[in-house]
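Everything on this sheet refers to the single structure shown next.
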Amino acid sequence: MSPRGRQTRLTQQQWYTASDVDDWKGNGTNRNINDLTTIAFQNIHGIDTRLSSMEQTLQELIESMDRNNINILGISEHHLALANHKVREKLHSTIKSRRPGTTTHQFNAGPESDTLGRLMGGTGVIVRNEMIGRIEPGGKGGDTMGQWSYVHLRRQGLPPLTVISVYQVCPTPTNMIGDTAWHQQRRYLDLHQRSEHPREAFIGDLHTFIQDLQRKAHAIVVGGDWNDWLTAKQTKLMTLCTSLHLVDPWVTKNPEVMDFAMFEGGRHRIDSAFVSQNIQDAVEVVQYSPVGLLCSTDHRAVIVRFDTRKLFGDLTVQLPKLHARSVRSNDRYATTTFIETMHAHLQEHNAFHRSQTLLTGTISNCNLAEQLDKLVGEGGDLGEKKSKRRRLNWFSRPLAQARQTVSLLRHYVNGLKVNVDRSRVIQQRLQYIDQTLALPTTTSEAIKLLQKHEEKLRKIIHRDDELRSAELKENAQKADAEGNGRKASANRKINKSEQNIRTWRCLIFMSSQGQTQQLNRIDVPESWQPNEEEDGHTPLEDPKTATRKMGRYQ
């Protein structure tokens, strides 16, 4: 955690330039990225904040993982109260919706609940793509205080590899009257009659945890925000690494640069990663990203790339795209239809009786088992087809771009307020979303630019349905030009269906029981033109004298 409360305040004209936080640290590699496994650690300073919603932050993180070919991302300081089941469910569904079937996660926080879902500190791990297949059954977990999260990964002919994402609190609370992670851990330790300092408890508990894994011959990769560095006075980090025989791969790859700033306003390498000695040779590259490149934060990311064959004993096999059922368990109608259709298909083919025959053990070959497996798959496909698979929520490209732009400008303005210039990294991130902006150098001008884009965002949100309809029409015309009549027809049908849904929802709302406003009248403004026929169209009659015909007003 960067000690914001203890930053040196500079004058409005003086820029903080004491470190090269906008530059990459470390060298790259010419190796084929498919032969490398990349593990990174990032302090994100909140996953659901005023500047960026949970959906947007997770989208940025996962897109950054894709862009930088990161297989496993360790996270510290997500600030979520995961004891609140609504927050936990929202986190799970949001990550799942970002990359359906291709991401998994493990997040941990303290046991305290919060009605607003906010609890300082916390750690997590996000695993994506083919690396998911290496996770051991039940191989995810973490600390009860949220001090670390971990995953166990299988290796060919070798003991497992455990990746641990950690967060250690500062020596003293950064906000003495606030409710920081330091205060939360102090309360937890007091509740369990433990008198040691939260940092001493962290080092002791982590030492015990890793030592137990090493007794089982696990290889270890542990990293995150330690709020400590190896050359600090009275550091416990050096003692931890020495006693557990952990190596700092940055020092072995870059011995000429031992220490540098990890965050805006910092001076030391308080974020770092350590590995077991037996996998040290597998490390190909160690890098530190520019501050705020992976997401809107004031910390660098630690990126370690391993030779996959040396690390796991074999190359990671690219798995085929997973097919995840689109029926939601909380959709009663769709779930009932899915189960009934699947059950009818299995019963029609006598699958239940045949499965009992299989359990008796009288069958000497696996033909029956393969047939039953095929029937189960067919039943699931039929059930999903009949339950009308849901499409994912639609997001317009202009709306997504506007939201990200506003989020980045807020991050930029906050930097100017503490005299930190974040323009280099923000310009780079704006390029990712095809946005070009001239960033002002003064806080007042930057605030005006932010307000301008916030107003633009409000207008886009107001016109979201219109944008959706226009984009579907554009897609249909493009498909017609390409000779793809089926795609064009599908876009037009979707457009018409969604317009009908919007209209129907409006009518239901207006005519629903218990509402003060019902659709039992039509109010005609006085500013309407008088009752005169124009262009062959008959205008509405006076509402007071209108007659009801065939169930509708005409």
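The values are calculated or read from the model by the stated rules, or taken from the named source; none is laboratory data. Please read these numbers as outputs of a predicted model, since none were measured by experiment. Glycine also receives a Cβ, built like all others from the backbone with ideal geometry; neighbour counts cover every protein chain displayed.
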Notebook entry, point to check: Would the range 396-413 turn up any residue that is over 18 Å from L457 (Cα atoms), at pLDDT 90 or above and not assigned by TED's automatic domain parsing to the domain that holds L51?
Noted result: no
Notebook entry, point to check: Would a scan of the range 83-94 turn up a residue that is at pLDDT 90 or above, touching a Pro at 6+ places or on another chain (Cβ under 8 Å), hydrophobic (A, V, I, L, M, F, W, C) and not assigned by TED's automatic domain parsing to the domain that holds N227?
Noted result: no
Item checked: Any pair with Cβ under 9 angstrom, 6 or more apart, that starts in the range 147-166 at a residue that is of a type in the set (D, E, K, R) and ends at one that is part of a strand (DSSP E or B) -> R154/I135; R154/E136; R154/G139; R154/P160; R154/L161; R155/L161; R155/A219
Next item on the list: Kindly check whether there is at least one residue in the range 45-67 that is part of a loop (DSSP other than H, G, I, E, B), in the same structural domain as G141 (by TED's automatic domain parsing) and at pLDDT 95 or above.
Entry: no
Note to self: If the requirement is being surrounded by 15 or more Cβ atoms within 10 Å (Cβ to Cβ) and among the small types (G, A, S), which of these qualifies: A201, A217?
What the structure shows: A201
Margin query: I'd like the residue in the range 235-288 that is of a type in the set (D, E, K, R) and not in a loop (DSSP other than H, G, I, E, B) and, out of all such residues, is surrounded by the fewest Cβ atoms within 10 Å (Cβ to Cβ).
Written below: D281
Check: Out of curiosity, is A219 of a type in the set (G, A, S) and under 27 Å from G157 (Cα atoms)?
Finding: yes
Notebook entry, point to check: If you scan the range 479-501, which residues turn out to be surrounded by 12 or more Cβ atoms within 10 Å (Cβ to Cβ) and under 25 Å from R403 (Cβ atoms)?
Noted result: N491, I494, N495, E498, Q499
Check: Within the range 170-181, is there a residue that is at pLDDT below 95 and under 29 Å from G139 (Cα atoms)?
Finding: yes
